[in-house]
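Please find one structure pasted underneath; my questions will follow.
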Amino acid sequence: MSYQNILFEQPETGICLLTVNRPQALNALNSATLDEIAQAVEQVAADESARVLLLTGAGDKAFVAGADISEMQNFTPEQGEAFSVRGSRVFAALEALPMPAIALVNGYALGGGCELALACDWILASDRAVFGQPEVNLGVCAGFGGTQRLPRRLGSARAMELLVTGRQVRAEEALAIGLVNEVVAAADLLQKGLELARLIASKAPVAVRYTKEAVTRGADLNLAEALALESQRFGRCCATQDQKEGMRAFLEKRPAKFHGG
Ligand code: HXC
């Protein structure tokens, strides 16, 4: 598939890398870019061999500086709602991917950019990363999930503060408040992301997928239902060759060789 606004590669077996590629507009998300991200996410979801998706932004300045303000400027209420729904669907599909998705935030992650990173399972940030939800400066509220995913990640008080003040947060503070898992030097970000992806790809794939499913779906269930889901998925893992191999390898004191089933 050929894309104009994103780059989509498989740098190594099982590892997909999606780069939002509009550096002239700091990778701002217009409708065309959202549609291309949707297609790439569909491609990853359908790829049985895909183990991890890494997401980043082109250039050294921005991950994604938000939704495209020039496209939104003259929106009618109907167009505004439709654009929000369009982006929310794309981000929901990203969040629902069966394999982990990790945002490699290399610069500004503002508005829709911060929301894109939040739709990933976790964020690895460069020391140049800057996060924020500056929509209130533009006369709008967040529209690609920020009012929902930010409180779920940070707790409502801290998220509310960031959403209603538009205050920007640098990498170190983002680490301290739990918005990102780790901060690395900008020059090392992609390598660190690939190392992490290799580590995940080396694990039993079905176990990784069920782990993600239990964590993400479980968050929307009550505890008893979520624990039942975990038990069902644990049982299903026991139907795989990889479970037999993983446990046999442990007992034989050798590394396991997983095959993905
Ligand atoms: C369109 C954008 C853009 C955006 C930057 N650009 N952000 N274009 N949409 N979100 C463009 C600029 O217009 C400029 O184009 C070029 O990228 C470089 O940006 P500068 O502003 O010149 O760079 P700099 O001075 O370094 O400032 C960087 C910045 C600033 C702090 C990130 O660009 C900025 O504040 N951007 C907007 C951030 C924002 O408000 N995002 C939230 C959007 S609302 P030219 O042609 O002049 O070179 C949102 C809602 C989501 O995301 C939900 C929708 C439903």
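The values are calculated or read from the model by the stated rules, or taken from the named source; none is laboratory data. The structure displayed is predicted, hence computed values, not measured ones. As a convention, Cβ positions derive from the backbone with ideal geometry for all residues, glycine included, and neighbour counts pool all protein chains shown. What goes into the accessible areas is simple: the full protein's heavy atoms, side chains included, and nothing from ligands, DNA or RNA. Shrake-Rupley method; radii C 1.70, N 1.55, O 1.52, S 1.80 Å.
Within segment 211-254, list the GluC sites (Glu not before Pro) lying in a DSSP loop whose Cβ has at most 15 other Cβ atoms in a 10 Å radius.
Passing both the DSSP loop test and the Cβ count: Glu252.
Could you give me the radius of gyration and the Dmax of the chain, taking only the C-alpha atoms into account and expressing both in angstrom?
Cα-based Rg and Dmax for the chain come out at 19.0, 66 Å.
Now for a different question. What are the lysines whose alpha-carbon lies under 17 Å from the alpha-carbon of Lys61, with same-chain residues fewer than 8 places away excluded?
none
Another question, if that's okay. For the chain, give the share of DSSP beta bridges that are antiparallel, in percent and rounded to the nearest 5; count only bridges with both residues there. Please report the intermediate quantities before stating the final value.
On the way: 7 of 29 bridges.
Within the chain, antiparallel bridges account for around 25 percent of the total.
Under DSSP H, which helices of the chain have Cα atoms covering 20 Å or more of the helix axis and a Kyte-Doolittle average no less than -1.0?
Numbers: long enough: 31-46 (23 Å, 0.42); 77-95 (27 Å, -0.20); 223-237 (21 Å, 0.09).
Those that pass (Cα extent of 20 Å or more, hydropathy at least -1.0) are 31-46, 77-95, 223-237.
Select from Pro134, Ile123, Leu150 the residue farthest towards the positive end of the dipole of the chain; place +1 on Cβ of Lys and Arg, -1 on Cβ of Asp and Glu, and compute about the Cα centre.
Toward the positive end, the furthest listed residue is Ile123.
So, with +1 on the Cβ of K and R and -1 on the Cβ of D and E, and no other charges, what is the size of the charge dipole of the chain about its Cα centre, to the nearest 20 debye?
Numbers: 25 positive and 30 negative charges, 169 e Å.
That gives a dipole near 820 debye.
Using a 10 Å cut-off on Cβ atoms, rank the peptides 199-207, 183-191 from the highest mean neighbour count down.
Values: 199-207: 17.8, 183-191: 15.9.
Ranking the peptides 199-207, 183-191 by packing returns 199-207, 183-191.
Could you tally the net charge around Asn21, taking each other residue with its Cβ under 15 Å from the Cβ of Asn21, Lys/Arg +1 and Asp/Glu -1?
-3
A further question on this structure: Charges on Cβ only, +1 for Lys and Arg, -1 for Asp and Glu, centred on the Cα centroid of the chain; of Asn222, Gln232, Val85, which one is farthest towards the dipole's positive end?
Ranked along the dipole, the leading option is Gln232.
Report ³J(HN,Hα) in whole Hz for each residue of segment 98-115, in order, from the Karplus equation J = 6.51 cos²θ - 1.76 cosθ + 1.60 where θ = phi - 60°; Gly and Pro get x.
x, 9, x, 10, 10, 8, 9, 8, 9, x, 4, 10, 10, x, x, x, 5, 5
Could you work out the relative contact order of segment 1-159, using alpha carbon pairs under 8 angstrom and six or more residues apart, expressed as a whole percent?
Values: 301 pairs, mean separation 32.5, N = 159.
Relative contact order for segment 1-159 comes out at 20 percent.
For a quick check of understanding: with a 1.4 angstrom probe and all protein chains in place, what accessible area in square angstrom does Met160 have, to the nearest ten?
110
I would also like to ask the following. Check Val52: other-chain or 5+ apart residues with amide H under 5 Å from its amide H, H built from backbone geometry?
The answer is Cys16.
Taking the Cβ of Phe131 as the centre, find all other residues whose Cβ is under 9 Å away and add up their charges (Lys, Arg: +1; Asp, Glu: -1).
On the way: positive: Arg170; negative: Glu173.
Taking every Cβ under 9 Å from that of Phe131, the sum is 0.
Amide H of Val105 versus every other amide H placed in the peptide plane: which residues, excluding those fewer than 5 positions away on the same chain, fall under 5 Å?
Leu124, Ala125, Ser126
Within the accessible area of the chain, what % is carbon and sulfur when the probe is 1.4 Å and the other protein chains stay in place?
On the way: 7230 of 13120 Å².
For the chain, the apolar C and S fraction of the accessible surface comes to 55 percent.
If you count, for each residue, the other Cβ atoms within 10 Å and average over each peptide, how do 74-81, 33-40, 132-139 line up from highest to lowest? Walk me through the intermediate numbers first.
Working: 74-81: 10.1, 33-40: 21.0, 132-139: 17.6.
Final packing ranking: 33-40, 132-139, 74-81.
Dipole of segment 163-217, Cα-centred, from +1 at each Lys and Arg C-beta and -1 at each Asp and Glu C-beta, to the nearest 20 debye?
Numbers: 8 positive and 6 negative charges, 57 e Å.
For this selection, approximately 280 debye.
With springs connecting C-alpha atoms under 10 Å apart, model the chain as a Gaussian network and identify which of Phe144, Phe234, Phe83 has the largest mean-square fluctuation.
Largest GNM mean-square fluctuation: Phe234.
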